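Shown next, in structure tokens, is the structure this report addresses.
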Ligand SMILES: [Zn+2]
């Protein structure tokens, strides 16, 4: 996805995952010793045809991408045009050039993914620097390419023989083979003529839970030596988003210079696994920040006489669990009883299930109550989280909704006001900011400021935030922000934010 197109809507933050998956097909403990026989392997090989020897070929797919990214409301989908060129060479060597753009885009750029043996590299645009991918991002990027090129997929399946490749005929017209791949357990469906009709993969996603990721082929056929689909529908799960891509093949194979699939001279290494230990930092009396460097998120724990209120829950369930564990250790007598979030995007609501398992009350605008219930009922059967273990069918979340856009709680220890600034966020339909009048502290999700080339700047959304603060007659001394954490000051004097926003206007 090009930067000007769909990728701009994805989170730059969601880099973290617990699943450190290798790219190699993992060894299966229960693998049949000898693997499948020659006849079956021949069927699988026929399902893709041979890879080109000592040369490369490419096929072009044209279609539409529906992206559920970080938009105004849950499940909002944006549509993009899509052109993909898939080039394949020896086993494990391939290249995808993917251009996506919306009707409003004035420029286009092409994202390139290179598969090299055991490696996945990506660059955002032509002439850009390649970056090495690791873990789940690498597995997802590679999967999108394998599934578009049956010859590559067949080679991948054969590589799993003796390492978990299993299956056979299910009916007279359908055979299913499966193996444990780096993305999850993959099933490939072959028809009576050994043509692939679908891939299904069983995914355990740390935020969304147990999912099937599907690719359907409509009419696979031989183009010379190899099999290619006439059209396909595929599902993608980049971190923090989901997409559906519907494509038709435009023309046949074209030759590609092998040099296009060579390892580039310079590659940025995959980011080192960041610190995964939560840092609990005192912000002001009775207010604590919980920073998760690897998730690039900051939550706030507000202390009351008998409980904590947590603001923002990080990006996924494992990170929510880490916040919970850190707070239980620091405040053994004060459980988190309420959790609020600024807006529905993954980096703020991804960890809610860790707290829903404790029957907390979730504070949010009424329009998002259904979204919270959805999270409370997600399917986590493949890799059950604590909520799925205690309540296999999900829970009915206890939700306290804002009334006339506000919610507040106070006692002798602290005071907290949640305010929905809605459209003034210029980000989501509902957007809650948190005001702590006794500390004159404002906590917001991702509207205020960021650091670029060593300088702190006001975000484009800061003007709306300042307007909302003035409309509500708040007089903060300090603003503290949830995202980004890495390379960004944890807080700013509020006057400084005003200054930066004024400077940005000019
Ligand atoms: Zn956001």
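The values are calculated or read from the model by the stated rules, or taken from the named source; none is laboratory data. What you see is a predicted model; the values in this text were computed from it and never measured. Cβ coordinates were reconstructed from backbone atoms using ideal geometry, including for glycine residues, and neighbour counts include every protein chain displayed.
Here are the numbers for the structure shown:
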read-out	value
Check on residue 451, in a strand (DSSP E or B) and out of contact with any strand residue (DSSP E or B) (no Cβ under 6 Å at 6 or more places or on another chain)	yes
The range 183-210: number of residues that are touching a residue at least 60 places away in the same chain (Cβ under 8 Å) and surrounded by fewer than 21 Cβ atoms within 10 Å (Cβ to Cβ)	6
Residue that is nearest to the ligand (Cβ to nearest atom), among those in the range 340-350 that are in contact with a helix residue (DSSP H, G or I) (Cβ under 9 Å, 6 or more places away or on another chain) and within 17 Å of residue 207 (Cα to Cα)	343
Residue count for the range 364-378, restricted to those that are in contact (Cβ under 8 Å) with a residue 24 or more places away in the chain and part of a loop (DSSP other than H, G, I, E, B)	2
Meets criteria (touching a helix residue (DSSP H, G or I) at 6+ places or on another chain (Cβ under 6 Å), closer than 30 Å to residue 425 by Cβ and in the same structural domain as residue 223 (by TED's automatic domain parsing)) for residue 51	no
The range 379-409, residues that are farther than 18 Å from residue 445 by Cα, surrounded by fewer than 21 Cβ atoms within 10 Å (Cβ to Cβ) and in contact (Cβ under 8 Å) with a residue 40 or more places away in the chain	379, 381, 382, 383, 386, 400, 409
Failed item, numbered, when residue 160 is tested on (1) in contact with a strand residue (DSSP E or B) (Cβ under 9 Å, 6 or more places away or on another chain); (2) in contact (Cβ under 8 Å) with a residue 60 or more places away in the chain; (3) farther than 24 Å from residue 39 by Cα	(3)
Residue identified as away from the ligand (no atom under 16 Å from the Cβ) and either part of a strand (DSSP E or B) or not assigned by TED's automatic domain parsing to the domain that holds residue 468 (or both) among 337, 324, 328	337
Tabulated pairs, the range 69-91, first in the same structural domain as residue 150 (by TED's automatic domain parsing) and under 15 Å from residue 427 (Cβ atoms), second in a strand (DSSP E or B) and more than 13 Å from the ligand (Cβ to nearest atom), C-beta under 6 angstrom, 6+ apart or interchain	78/67
Matching residues, the range 253-262, being surrounded by fewer than 13 Cβ atoms within 10 Å (Cβ to Cβ) and either in a strand (DSSP E or B) or in contact (Cβ under 8 Å) with a residue 60 or more places away in the chain (or both)	254, 255, 257
Any hit, the range 278-294, residues being within 16 Å of the ligand (Cβ to nearest atom), surrounded by 23 or more Cβ atoms within 10 Å (Cβ to Cβ) and either not assigned by TED's automatic domain parsing to the domain that holds residue 413 or not in a loop (DSSP other than H, G, I, E, B) (or both)	no
Residue satisfying condition, being in a helix (DSSP H, G or I) and either crowded, with 23+ Cβ neighbours inside 10 Å or at pLDDT below 95 (or both), within set 114, 152	152
One residue from 434, 355 being in a helix (DSSP H, G or I), in contact with a strand residue (DSSP E or B) (Cβ under 8 Å, 6 or more places away or on another chain) and either within 16 Å of the ligand (Cβ to nearest atom) or within 20 Å of residue 321 (Cα to Cα) (or both)	355
Among residues of the range 466-485, those that are within 16 Å of the ligand (Cβ to nearest atom) and in a loop (DSSP other than H, G, I, E, B), counted	4
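Every residue, every condition in (1) within 15 Å of the ligand (Cβ to nearest atom); (2) assigned to a strand (DSSP E or B); (3) closer than 14 Å to residue 311 by Cβ; (4) not assigned by TED's automatic domain parsing to the domain that holds residue 309, yes or no:
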residue	(1), (2), (3), (4)
408	no, yes, yes, no
416	no, yes, yes, no
419	no, yes, yes, no
427	yes, no, no, no
438	no, no, no, no
457	no, yes, no, no
464	yes, no, no, no
